[in-house]
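The values are calculated or read from the model by the stated rules, or taken from the named source; none is laboratory data. All values reported here derive from a predicted model rather than from experimental measurement. Counting neighbours? That spans all protein chains shown, and the Cβs are built from the backbone with ideal geometry, glycine included. Surface areas here come from the heavy atoms of the whole protein model, side chains and all, with no ligands, DNA or RNA. Shrake-Rupley method; radii C 1.70, N 1.55, O 1.52, S 1.80 Å.
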Amino acid sequence: MDITTFLIQCLNSVQYGLLLFLIASGLTLIFGIMGVINLAHGSFFMIGAYLIYALGMYINNFALALLLGVILAVAFGYLLEWGFFSFLYEREHLLQVLMTYGLILIFEALRSILLGDDVHGVSPPAWLAGSIPLGNGLSYPIYRLFISLVCMLIAIGMYIVIRHTRLGMKIRAGATNREMVQSLGVNISVLYRIVFATGVGLAIFAGMISAPVSSVYPGMGGNELIICFVVVVIGGIGSIKGALVAALLIGFVDTFGKVLWPEGAGALIYLLMVLVLLFKPQGLFKQGT
């Protein structure tokens, strides 16, 4: 492997890891902070990909479609928490699993009815469609760099909000002791609704920006759900920083594994999880970090 190929794979690893963080951070908020086992989180990623495809048929402006998609995603998450998930906080995990699995079936059926079962493609906007030459006849797509930049900006924004704002303090406190936060006058229901809407919005947004680099197809959220749970477990349940570190680790392991050992690349991610849990059973970082 020459230096140019190595650099390209490093860029691919970072881009995949950051995109994975964008999806997994939403699951970290919902699962780690709110305590809800949400099997439908991968479906939110799929909804995002189909949403940008559907909006693209009517809006010939990628940035505007993304903005409208984010607004719809947050509103959808807010209503979904109010209508369904708000009843699950005090229920057994089995009931959470059953209801969220039922949502997967509903989302898949609605997707099939509204947009069919065909595989679709989404083209990147013209201003992001080029490539940057890296030498030896190789180049790197500008759109992938755009994905990495957007994910990094969101990661920085999440860190600032959670660590340095009053809302972030309430979220961290609510994750640690819900009853105490309620006794101090904080409306925990509204707080959880905001957290859930944010988590759903992040997953849907990840699906929207990833659509131009991958196909849009039925069931595409299933594999992402499994990997996201691995990210949450490795990073530490409820830790945003842990989700970022774990996602980047998985990005490098998966990308270089497919290049150097294609036959066993699928198992390397889970081997990484086993090794981390052997030495750090609670994950790399503590809840709320």
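Before anything else, pin down the relative contact order of region 110-192: Cα pairs under 8 Å, at least 6 apart, normalised by residue count, whole percent.
For region 110-192, the relative contact order is 13 percent.
What list of whole percents do you get for P(r) of region 47-107, with Cα-Cα distances grouped in 5 Å bins up to the one holding the largest distance?
For region 47-107, the pair-distance distribution reads 4, 16, 20, 19, 14, 12, 8, 5, 2, 0.
Size of the dipole of region 137-289 about the Cα centre, Lys and Arg at +1 and Asp and Glu at -1 on the beta carbon, nothing else charged, in debye to 20?
It works out to roughly 580 debye.
By how many degrees, 0 to 90 and rounded to 10, does the Cα axis of helix 41-56 deviate from the longest principal axis of the chain?
Approximately 60 degrees, to the nearest ten.
Leaving out ligands and nucleic acids, note down the accessible area per residue over region 26-169 with a 1.4 angstrom probe, in whole Å².
53
Summarise the long-distance tail of P(r) for region 164-223 by giving the % of C-alpha pairs beyond 15 Å.
Roughly 61 percent, rounded to a whole number.
Compute a Gaussian network model of the chain, connecting alpha carbons closer than 10 Å, and tell me which residue from 200, 213, 74 fluctuates the most.
For the chain, modelled as a Gaussian network with Cα springs under 10 Å, the answer is 213.
How many percent of the accessible area of the chain is carbon or sulfur, using a 1.4 Å probe?
Roughly 69 percent of what the probe reaches on the chain is carbon or sulfur.
What residue among 136, 12, 61 has the largest mean-square fluctuation in a Gaussian network model of the chain, using Cα springs under 10 Å?
Looking only at 136, 12, 61, the biggest GNM fluctuation is shown by 136.
Counting Lys and Arg as +1 and Asp and Glu as -1, each charge on the Cβ, what is the dipole of the chain about the Cα centre in debye, to the nearest 20?
Charge dipole of the chain: 880 debye, to the nearest 20.
Taking the chain as a Gaussian network, where each spring joins two C-alpha atoms under 10 Å apart, which residue of 140, 78, 58 fluctuates the most?
Result for the chain, Cα springs under 10 Å: 58 fluctuates most.
How much of the pair distance distribution for the chain lies past 37 Å, counting alpha-carbon pairs only, in percent?
For the chain, the share of Cα pairs beyond 37 Å comes to 13 percent.
Mind checking which lysines have their Cα closer than 17 Å to the Cα of residue 280? Skip sequence neighbours fewer than 8 apart in that chain.
241
Among all the aspartates and glutamates, which ones have a C-alpha under 16 Å from residue 170's C-alpha, if same-chain residues fewer than 8 places away are not counted?
179
Which Rg and Dmax, in Å, describe the Cα atoms of region 112-219?
19.9, 64
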